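Trainee: Below is one structure. I have some questions about it.
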2 protein chains.
Amino acid sequence: MARIVQKYGGTSVGDVERIKKVALRIKAIRDQGNELVVVVSARAGVTNELLARAKSLAANPSDRELDMLLAVGEQETIALTAIALQGVGVDAVSYTGAQAGIFTDKVHTKAKIKTINAQPIEKDLKAGRVVIVAGFQGINEEGHITTLGRGGSDLTAIALAAAVQADKCEIYTDVDGVYTADPRVVPDARKLPEISYDEMLELASSGSKVMQSRSVEFAEKYGVVFEVRSSFNYNPGTIVKQEVAYMEKVVVRGVAVDKDQAKIIVSNILDKPGSAASVFRALADANIIVDMIVQNVGRNGIANLTFTVPQVDTGKAQKALEPVLDAVGGGHVAVHEHIAKLSVVGVGMKTHSGVAATLFQALADANINIELITTSEIKISVVIDEDRADEAARVAHAAFKLNEL
Amino acid sequence: MARIVQKYGGTSVGDVERIKKVALRIKAIRDQGNELVVVVSARAGVTNELLARAKSLAANPSDRELDMLLAVGEQETIALTAIALQGVGVDAVSYTGAQAGIFTDKVHTKAKIKTINAQPIEKDLKAGRVVIVAGFQGINEEGHITTLGRGGSDLTAIALAAAVQADKCEIYTDVDGVYTADPRVVPDARKLPEISYDEMLELASSGSKVMQSRSVEFAEKYGVVFEVRSSFNYNPGTIVKQEVAYMEKVVVRGVAVDKDQAKIIVSNILDKPGSAASVFRALADANIIVDMIVQNVGRNGIANLTFTVPQVDTGKAQKALEPVLDAVGGGHVAVHEHIAKLSVVGVGMKTHSGVAATLFQALADANINIELITTSEIKISVVIDEDRADEAARVAHAAFKLNEL
């Protein structure tokens with residue numbers, strides 16, 4: 001007998017037929033004598049429907065009311081999932097985030113989990129019930145409903161797995177697991193049986209859409225081993241866990257491409273203390289997340305700052321930079337939206353040399369120009385022409401022999 | 001400045017356009033300096049949609065999970081209504097039943113309100129906010145969500161009006177108020193400016209669909225004066241209050257017709273102690289609500305029992321009666337579904353004689369046969385042929401001159 005926490009995303013519980021299938025899947029695992037806590041998201045599309053209604057009523061609804069509204073989506077799914085289980089003869093009980101004792105801070109629409117009181121869930125597990133918990137939501141000290149923001153249901157599952165000391169945590173989604181590259185772009189991409197938290201984090205921040213960074217960070221912090229797998233088949237997925245020695249034998253774990261970035265060049269600024277700071281302060285104040293940053297100093301104390309931001313934020317970024325240009329020497333701003341970021345990730349890099357050289361050579365052989373380079377301990381990212389991005393992914397994937405086991 | 005509790009039903013908040021109109025209505029009253037607590041129902045149709053999904057997943061879902069599911073409907077509306085108010089510049093905050101401190105007993109799907117802790121609402125009212133509360137729902141001692149059953153949102157409004165000591169309670173619905181008869185049947189029916197709780201109760205149990213009895217009973221018990229009015233216009237409605245002396249000057253307040261009843265005759269039973277008891281015990285055990293009851297004793301100690309039950313329950317009633325027929329002397333059961341109940345109601349009857357005679361004479365003049373009669377202090381009900389029911393309503397309405405002020 002094991003204690004298992006599962007999480008099913010919005011497409012897995014998209015309609016009553018799919019909820020029925022999820023119920024049968026749960027029943028099969030339950031019938032093997034396991035204890036189950038199941039976290040579900042809102043049915044696919046429901047959250048957007050609710051948001052559209054809110055937007056049609058007010059341009060700037062309060063975050064508290066948005067949370068009250070959005071929490072409805074998961075509450076529907078938990079009840080329907082519990083009812084579907086009852087329909088196949090499994091005793092089940094549903095919990096809202098508040099009932100599951102998920103206490104958060106006060107930041108509506110992107111709350112952080114502070115503590116979980118798992119006692120009520122423990123009681124129902126002991127009584128032999130499958131416990132269905134609403135993902136994405138919690139309650140703050142004042143009793144207001146909060147939501148956890150993007151990727152919130154994954155976070156709920158991982159936090160609950162830690163709180164109930166689960167033996168297993170399974171994140172069911174619409175992909176089979178974590179691949180060495182996007183299989184739609186790189187046909188011989190391979191599903192990874194295992195990956196370290198740090199590699200998963202770098203992939204998440206590099207454009208891999210499997211999971212949000214915060215859930216992986218939370219899992220790493222509390223040592224929750226979890227598996228990413230599909231609810232549409234019974235294939236084994238990818239296990240995400242602490243790095244172990246043998247993982248380092250593989251130098252590069254995977255390749256990720258992010259086409260949603262834009263490159264901004266602030267040129268002709270004075271190379272004096274504080275120039276870069278005032279540029280990035282202005283962007284931070286406008287809530288723009290800057291990813292890669294490179295600074296070149298040319299002749300005569302004139303510098304160029306190059307960095308990437310999410311493509312949706314380029315207009316906001318230009319506006320934010322205008323007032324500071326004079327102070328940094330009257331610089332000029334140029335935006336290049338037609339770029340992509342290619343990243344190779346692997347904990348083995350820490351102890352292997354030549355990874356960068358291999359990547360640059362492979363891209364050069366394919367005549368793909370590199371516009372920008374940044375490196376971390378376990379990742380190398382380059383900015384290239386967006387039109388060449390898919391080809392670059394295939395080239396890098398082959399150069400590191402990622403198709404081989 | 002007054003403190004006002006309002007309740008808007010499902011059609012009044014049926015879609016975002018209607019919610020916008022409700023918000024403007026609330027804003028106008030708010031702008032006059034009033035304090036407002038607003039109870040809303042689920043959008044029309046939502047509850048049935050949710051129930052249909054549940055039914056497609058399990059034949060007998062648990063009542064606890066049905067409550068969890070149905071509570072979603074009102075939670076959506078409170079958030080949207082608060083957001084709509086914010087959209088027109090009114091500070092508003094929404095409360096689920098639990099957050100509004102509405103504590104109920106443990107009976108899921110038809111819970112009774114035990115207490116209300118109005119402190120959080122008082123705090124928000126003091127802070128100048130309009131408070132939007134989910135109707136129909138509460139929370140029990142164990143923290144489970146409960147729902148109040150049919151007419152639950154009216155009950156929420158009246159209970160809150162008592163708890164916050166409101167100056168006014170307005171029940172907005174899709175009818176203009178309480179009429180002397182159904183205006184679709186009796187063209188010269190007149191809207192009543194006032195009606196007593198007891199008259200309202202008798203009308204509710206006589207087929208008038210304006211409100212459920214339990215809300216009126218609750219209002220009477222706690223002395224909550226309320227007004228039934230339409231959210232689609234600004235006409236004054238009907239005020240429901242404690243009976244006052246001048247009300248008795250009007251002998252008959254209104255006429256109601258109920259076509260959803262059936263008549264059951266259990267004939268040839270022994271006229272001995274316990275016969276009627278065993279018949280009605282069997283019906284009660286099957287959860288069938290019996291309305292009118294008449295017993296005739298014929299010759300030779302053989303009796304007939306005649307009573308009315310909701311038409312939907314006739315099959316269930318026949319089944320429930322089968323096992324007891326032998327014990328009462330082998331009686332025979334006959335069902336007549338093609339009947340209607342006509343009632344005339346008025347507190348003035350208590351002190352006026354001749355009401356029954358006037359009614360019977362009017363029906364006789366129209367050649368309408370009376371099959372069954374029951375009377376209470378302020379009501380006379382007769383069972384007649386369903387085909388003659390509308391005509392009977394017009395005849396009775398005219399006989400008591402209800403079209404005249």
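Trainee: Filter the range B:220-231 for residues that are closer than 11 Å to B:Ser196 by Cα and either in a helix (DSSP H, G or I) or touching a Pro at 6+ places or on another chain (Cβ under 6 Å) (or both) and give the result.
Mentor: First, the residues of the range B:220-231 that are closer than 11 Å to B:Ser196 by Cα: B:220, B:225-226.
Of everything in the range B:220-231, just one residue is closer than 11 Å to B:Ser196 by Cα and either in a helix (DSSP H, G or I) or touching a Pro at 6+ places or on another chain (Cβ under 6 Å) (or both), namely B:Glu220.
Trainee: In the range B:247-280, what residues are under 30 Å from B:Ser196 (Cα atoms) and touching a Phe, Trp or Tyr at 6+ places or on another chain (Cβ under 8 Å)?
Mentor: B:Val251, B:Val252, B:Gly254, B:Val255, B:Lys263
Matching residues to (1) of a type in the set (A, V, I, L, M, F, W, C); (2) more than 20 Å from B:Ile171 (Cβ to Cβ):
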position: B:Ala28; (1), (2): yes, no
position: B:Gly33; (1), (2): no, yes
position: B:Val37; (1), (2): yes, no
position: B:Ala44; (1), (2): yes, no
position: B:Leu51; (1), (2): yes, yes
position: B:Ala58; (1), (2): yes, yes
position: B:Gln75; (1), (2): no, yes
position: B:Ile78; (1), (2): yes, no
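Trainee: Let me ask another. Please verify whether the range A:164-178 includes one or more residues that are of a type outside the set (S, T, N, Q), at pLDDT 95 or above, surrounded by fewer than 17 Cβ atoms within 10 Å (Cβ to Cβ) and in a loop (DSSP other than H, G, I, E, B).
Mentor: Yes: the range A:164-178 contains one or more residues that are of a type outside the set (S, T, N, Q), at pLDDT 95 or above, surrounded by fewer than 17 Cβ atoms within 10 Å (Cβ to Cβ) and in a loop (DSSP other than H, G, I, E, B).
Trainee: Additional query: Please specify each residue of the range B:78-132 satisfying the condition of being among the charged types (D, E, K, R) and more than 14 Å from every other protein chain (Cβ to nearest Cβ). Outline the logic, then answer.
Mentor: Taking the range B:78-132 first, the residues among the charged types (D, E, K, R) are B:91, B:105-106, B:110, B:112, B:114, B:122-124, B:126, B:129.
Result: B:Asp105, B:Lys106, B:Lys110, B:Lys112, B:Lys114, B:Glu122, B:Lys126.
Trainee: Say whether the condition of being crowded, with 20+ Cβ neighbours inside 10 Å, in a helix (DSSP H, G or I) and in contact with an Asp or Glu (Cβ under 6 Å, 6 or more places away or on another chain) is met by at least one residue in the range B:339-347.
Mentor: Yes.
Trainee: Return the pairs, sorted by first residue and then second, in which the second residue is surrounded by fewer than 19 Cβ atoms within 10 Å (Cβ to Cβ) and assigned to a helix (DSSP H, G or I), the first residue lies in the range A:18-29 and is touching a residue at least 12 places away in the same chain (Cβ under 8 Å), the beta carbons are less than 6 Å apart, and the residues are 6+ apart or on different chains.
Mentor: Pairs that qualify, where the first residue is touching a residue at least 12 places away in the same chain (Cβ under 8 Å) and the partner is surrounded by fewer than 19 Cβ atoms within 10 Å (Cβ to Cβ) and assigned to a helix (DSSP H, G or I): there are none.
Trainee: Moving on to the next point. Could you pull out the residue among A:Lys272, A:Lys249 that is out of contact with any helix residue (DSSP H, G or I) (no Cβ under 6 Å at 6 or more places or on another chain) and under 30 Å from A:Lys401 (Cα atoms)?
Mentor: Numbers: A:Lys272 fails: under 30 Å from A:Lys401 (Cα atoms).
A:Lys249 is the lone residue from the list that is out of contact with any helix residue (DSSP H, G or I) (no Cβ under 6 Å at 6 or more places or on another chain) and under 30 Å from A:Lys401 (Cα atoms).
Trainee: Regarding A:Arg43, is this residue crowded, with 19+ Cβ neighbours inside 10 Å and under 30 Å from B:Val16 (Cβ atoms)? Outline the logic, then answer.
Mentor: Working: crowded, with 19+ Cβ neighbours inside 10 Å: yes; under 30 Å from B:Val16 (Cβ atoms): yes.
Yes; evaluated as a whole, the condition is true for this residue.
Trainee: Counting just the residues of the range B:110-151 that are among the hydrophobic types (A, V, I, L, M, F, W, C), in contact with a strand residue (DSSP E or B) (Cβ under 7 Å, 6 or more places away or on another chain) and under 24 Å from B:Met1 (Cβ atoms), which one comes out surrounded by the fewest Cβ atoms within 10 Å (Cβ to Cβ)?
Mentor: The selected residue is B:Leu125.
Trainee: Sticking with this one: Here are some conditions: (1) within 17 Å of A:Val395 (Cα to Cα); (2) over 29 Å from the mean Cα position of the chain (by Cα); (3) assigned to a strand (DSSP E or B). A:Asn367 meets all but one. Which one does it not meet?
Mentor: Tallying (1) within 17 Å of A:Val395 (Cα to Cα); (2) over 29 Å from the mean Cα position of the chain (by Cα); (3) assigned to a strand (DSSP E or B), A:Asn367 fails exactly one: (3).
Residues checked against (1) within 15 Å of B:Ser41 (Cβ to Cβ); (2) assigned to a helix (DSSP H, G or I):
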{"site": "B:Gly73", "(1), (2)": "yes, yes"}
{"site": "B:Ala79", "(1), (2)": "yes, yes"}
{"site": "B:Val90", "(1), (2)": "no, no"}
{"site": "B:Ser94", "(1), (2)": "yes, no"}
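Trainee: Within the range B:60-70, restricting attention to residues that are more than 7 Å from chain A (Cβ to nearest Cβ) and in contact with a helix residue (DSSP H, G or I) (Cβ under 8 Å, 6 or more places away or on another chain), which residue is nearest to A:Ile132 (Cα to Cα)?
Mentor: Once the filter is applied, the top-ranked residue is B:Leu66.
Trainee: Kindly list the number of the only condition in (1) out of contact with any Lys or Arg (no Cβ under 7 Å at 6 or more places or on another chain); (2) more than 14 Å from every other protein chain (Cβ to nearest Cβ); (3) closer than 26 Å to B:Leu69 by Cα; (4) assigned to a strand (DSSP E or B) that fails for B:Thr146.
Mentor: (2)
Trainee: Looking at the range B:33-71, which of its residues are in a loop (DSSP other than H, G, I, E, B), farther than 26 Å from A:Tyr95 by Cβ and not small (Gly, Ala, Ser)? Show your work before the answer.
Mentor: Here is the first cut: in the range B:33-71, the ones in a loop (DSSP other than H, G, I, E, B) are B:33-34, B:41-45, B:58-62.
Imposing the further condition that a residue be farther than 26 Å from A:Tyr95 by Cβ reduces the set to B:33-34, B:44-45.
Matches in the range B:33-71: B:Asn34 only.
Trainee: If you don't mind, there's one more thing I want to ask. Could you identify the single residue in A:Ile26, A:Ile19 that is assigned to a helix (DSSP H, G or I) and within 10 Å of another protein chain (Cβ to nearest Cβ)? If you could, list the steps in order and put the result at the bottom.
Mentor: Values: A:Ile26 fails: within 10 Å of another protein chain (Cβ to nearest Cβ).
Sole residue among the options that is assigned to a helix (DSSP H, G or I) and within 10 Å of another protein chain (Cβ to nearest Cβ): A:Ile19.
Trainee: Quick test of your reading of the structure: B:Ala334 fulfils all but one of (1) hydrophobic (A, V, I, L, M, F, W, C); (2) in contact with a strand residue (DSSP E or B) (Cβ under 6 Å, 6 or more places away or on another chain); (3) part of a helix (DSSP H, G or I); (4) loosely packed, with under 14 Cβ neighbours inside 10 Å. Name the failing condition by number.
Mentor: So the condition that B:Ala334 fails would be (3).
Trainee: Do you know which of the residues in the range B:79-109 that are among the small types (Gly, Ala, Ser) and touching a strand residue (DSSP E or B) at 6+ places or on another chain (Cβ under 7 Å) is nearest to B:Leu36 (Cα to Cα)?
Mentor: Taking the range B:79-109 first, the residues among the small types (Gly, Ala, Ser) are B:79, B:82, B:84, B:87, B:89, B:92, B:94, B:97-98, B:100-101.
From the residues that got through so far, the ones that are touching a strand residue (DSSP E or B) at 6+ places or on another chain (Cβ under 7 Å) too are B:79, B:82, B:92, B:94, B:97-98, B:100-101.
Details: B:Ala79: 16, B:Ala82: 12, B:Ala92: 10, B:Ser94: 12, B:Gly97: 17, B:Ala98: 19, B:Ala100: 14, B:Gly101: 17 Å.
So, considering only residues that are among the small types (Gly, Ala, Ser) and touching a strand residue (DSSP E or B) at 6+ places or on another chain (Cβ under 7 Å), the one nearest to B:Leu36 (Cα to Cα) is B:Ala92.
Trainee: Only one of (1) in contact with a helix residue (DSSP H, G or I) (Cβ under 7 Å, 6 or more places away or on another chain); (2) among the β-branched types (Val, Ile, Thr); (3) away from chain B (no Cβ under 14 Å) is not met by A:Val175, so which one is it?
Mentor: Among (1) in contact with a helix residue (DSSP H, G or I) (Cβ under 7 Å, 6 or more places away or on another chain); (2) among the β-branched types (Val, Ile, Thr); (3) away from chain B (no Cβ under 14 Å), the lone unmet condition for A:Val175 is (1).
Trainee: What are the residues in the range B:297-317 that are part of a strand (DSSP E or B), under 22 Å from B:Ser343 (Cα atoms) and not hydroxyl-bearing (Ser, Thr, Tyr), if any?
Mentor: Initially, the range B:297-317 is screened for residues part of a strand (DSSP E or B), giving B:297, B:302-310.
Cutting the leftovers down to under 22 Å from B:Ser343 (Cα atoms) gives us B:305-310.
Residues satisfying the conditions are B:Leu305, B:Phe307, B:Val309, B:Pro310.
Trainee: Please verify whether the range A:297-317 includes one or more residues that are surrounded by 14 or more Cβ atoms within 10 Å (Cβ to Cβ), farther than 19 Å from A:Thr374 by Cα, of a type in the set (D, E, K, R) and modelled with pLDDT of 90 or more.
Mentor: Filtering the range A:297-317 down to residues surrounded by 14 or more Cβ atoms within 10 Å (Cβ to Cβ) leaves A:302-311, A:313-314, A:316-317.
Filter again for farther than 19 Å from A:Thr374 by Cα, leaving A:302, A:313-314, A:316-317.
With of a type in the set (D, E, K, R) added as a condition, the list becomes A:313, A:316.
Checking which are modelled with pLDDT of 90 or more leaves us with A:313, A:316.
Yes, the range A:297-317 has at least one match.
Trainee: While we're on this one: Is one or more of the residues making up the range B:238-245 part of a strand (DSSP E or B), basic (Lys, Arg) and closer than 30 Å to B:Val164 by Cβ?
Mentor: Here is the first cut: in the range B:238-245, the ones part of a strand (DSSP E or B) are B:238-241.
Then keep just the ones that are basic (Lys, Arg); that gives B:241.
Then keep just the ones that are closer than 30 Å to B:Val164 by Cβ; that gives B:241.
Within the range B:238-245, one or more residues are part of a strand (DSSP E or B), basic (Lys, Arg) and closer than 30 Å to B:Val164 by Cβ.
Trainee: Then there is this: Provide a single number: the residues in the range B:313-346 that are within 19 Å of B:Arg281 (Cα to Cα) and either within 25 Å of the chain's Cα centre (by Cα) or not acidic (Asp, Glu) (or both). Full working, then the answer.
Mentor: As a first pass, look at the range B:313-346 and keep what is within 19 Å of B:Arg281 (Cα to Cα): B:313-335.
Retained after the next criterion (residues that are either within 25 Å of the chain's Cα centre (by Cα) or not acidic (Asp, Glu) (or both)): B:313-321, B:323-325, B:327-335.
Final tally of qualifying residues: 21.
Trainee: Another question, if that's okay. Could you tell me which of the residues B:Ser215, B:Ser208 is in a loop (DSSP other than H, G, I, E, B), hydroxyl-bearing (Ser, Thr, Tyr) and in contact with a strand residue (DSSP E or B) (Cβ under 9 Å, 6 or more places away or on another chain)? Walk me through how you get there before you give the answer.
Mentor: Working: B:Ser215 fails: in a loop (DSSP other than H, G, I, E, B).
Matching residue, one of B:Ser215, B:Ser208: B:Ser208.
Trainee: From the list B:Ala320, B:Ala393, B:Ala327, B:Ala362, which residue is part of a helix (DSSP H, G or I) and buried (at least 21 other Cβ atoms within 10 Å of the Cβ)? Before the answer, list the steps.
Mentor: Numbers: B:Ala320 fails: buried (at least 21 other Cβ atoms within 10 Å of the Cβ); B:Ala327 fails: buried (at least 21 other Cβ atoms within 10 Å of the Cβ); B:Ala362 fails: buried (at least 21 other Cβ atoms within 10 Å of the Cβ).
Exactly one residue qualifies, and that residue is B:Ala393.
Trainee: To continue, here is another question. Within the group B:Gln75, B:Gln32, which residue is of a type outside the set (D, E, K, R) and more than 10 Å from chain A (Cβ to nearest Cβ)?
Mentor: Values: B:Gln75 fails: more than 10 Å from chain A (Cβ to nearest Cβ).
When all the criteria are applied, what remains is B:Gln32.
The values are calculated or read from the model by the stated rules, or taken from the named source; none is laboratory data. Predicted, not measured: the structure shown is a model, and the values here were computed from it. As a convention, Cβ positions derive from the backbone with ideal geometry for all residues, glycine included, and neighbour counts pool all protein chains shown.
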